[in-house]
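The values are calculated or read from the model by the stated rules, or taken from the named source; none is laboratory data. Because the structure is predicted, anything quoted here is derived from the model rather than measured. Here the Cβ positions follow ideal geometry from the backbone for every residue, glycine too, while neighbour counts run over all protein chains shown.
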Amino acid sequence: MTNGFLRGTIAGAAGTTALNATTYLDMAVRGRGTSSAPEDLVEAAAGSAGVAIPGTGDERDNCLAGLGPLSGTGVGGVAGTVHRALLSRGRSIPAAAAIVLISAAAMAMSDAPLKLFGISDPADWKGADWAADAVPHLVYGAITYATLRLTDDA
């Protein structure tokens, strides 16, 4: 189980890198601004849990900016644990289904808390907003899954 979680965390880090690159490409192509949603979510969750974010001013803002994207590693860890558990039983999920499941889990882990903490309401999003969220998460799912498969034992 630990082996699957660690491999999944690495896969999630690769997926997060791909998600960020896709997001930055979208920003460059469409000229759209950055979103503070990841930082706002970390701040709200930490406040709700009674955990202080260290630093003040720019230092604190930088901590928030660094913590936001790390959630993708957790989703990858869970995906890796499930992937390894299935492999140990001689089973697997078809690639397309696994990619969609990983993508949907990552999207749910970011979008549901946005609604719960009152940061954003996905029900109010336009098509372009959904695309700007869904496409990078699909890339995340694909890269996370591909990395999991690449780390399978020969």
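Within the stretch 84-122, restricting attention to residues that are of a type in the set (D, E, K, R) and part of a helix (DSSP H, G or I), the residue that is nearest to the chain's Cα centre (by Cα) is Asp111.
Of a type in the set (D, E, K, R), more than 17 Å from His137 (Cβ to Cβ) and within 16 Å of the chain's Cα centre (by Cα) - does that describe any residue in the stretch 36-56? Within the stretch 36-56, one or more residues are of a type in the set (D, E, K, R), more than 17 Å from His137 (Cβ to Cβ) and within 16 Å of the chain's Cα centre (by Cα). Could we say that Thr81 is modelled with pLDDT under 95, part of a helix (DSSP H, G or I) and under 18 Å from Gly4 (Cβ atoms) here? Spelling it out, it is not the case that Thr81 is modelled with pLDDT under 95, part of a helix (DSSP H, G or I) and under 18 Å from Gly4 (Cβ atoms). If you check Leu41, Leu19 for being buried (at least 18 other Cβ atoms within 10 Å of the Cβ), more than 20 Å from Val82 (Cβ to Cβ) and of a type in the set (A, V, I, L, M, F, W, C), only one passes: Leu41. When Ala95, Ala146 are checked against the criterion of being at pLDDT 95 or above, among the small types (Gly, Ala, Ser), out of contact with any Asp or Glu (no Cβ under 7 Å at 6 or more places or on another chain) and surrounded by 13 or more Cβ atoms within 10 Å (Cβ to Cβ), a single residue qualifies: Ala146. The criterion of being assigned to a helix (DSSP H, G or I) and under 21 Å from Thr144 (Cβ atoms) does not hold for Gly47.
For Asn62, the conditions (1) within 18 Å of Leu150 (Cα to Cα); (2) free of Cβ contacts under 8 Å to residues at least 12 places away in the same chain; (3) surrounded by 12 or more Cβ atoms within 10 Å (Cβ to Cβ) all hold with the exception of (1). Could you say which residue among Asp152, Asp124, Asp133 is closer than 16 Å to Ser36 by Cα, out of contact with any Cys (no Cβ under 7 Å at 6 or more places or on another chain) and among the charged types (D, E, K, R)? Result: Asp133 is the single residue among Asp152, Asp124, Asp133 that is closer than 16 Å to Ser36 by Cα, out of contact with any Cys (no Cβ under 7 Å at 6 or more places or on another chain) and among the charged types (D, E, K, R).
Can you tell me which of Val78, Val51 is among the β-branched types (Val, Ile, Thr) and without any contact (Cβ under 8 Å) to a residue 24 or more places away in the chain? Full working, then the answer.
Values: Val78 fails: without any contact (Cβ under 8 Å) to a residue 24 or more places away in the chain.
Of Val78, Val51, the one residue that is among the β-branched types (Val, Ile, Thr) and without any contact (Cβ under 8 Å) to a residue 24 or more places away in the chain is Val51.
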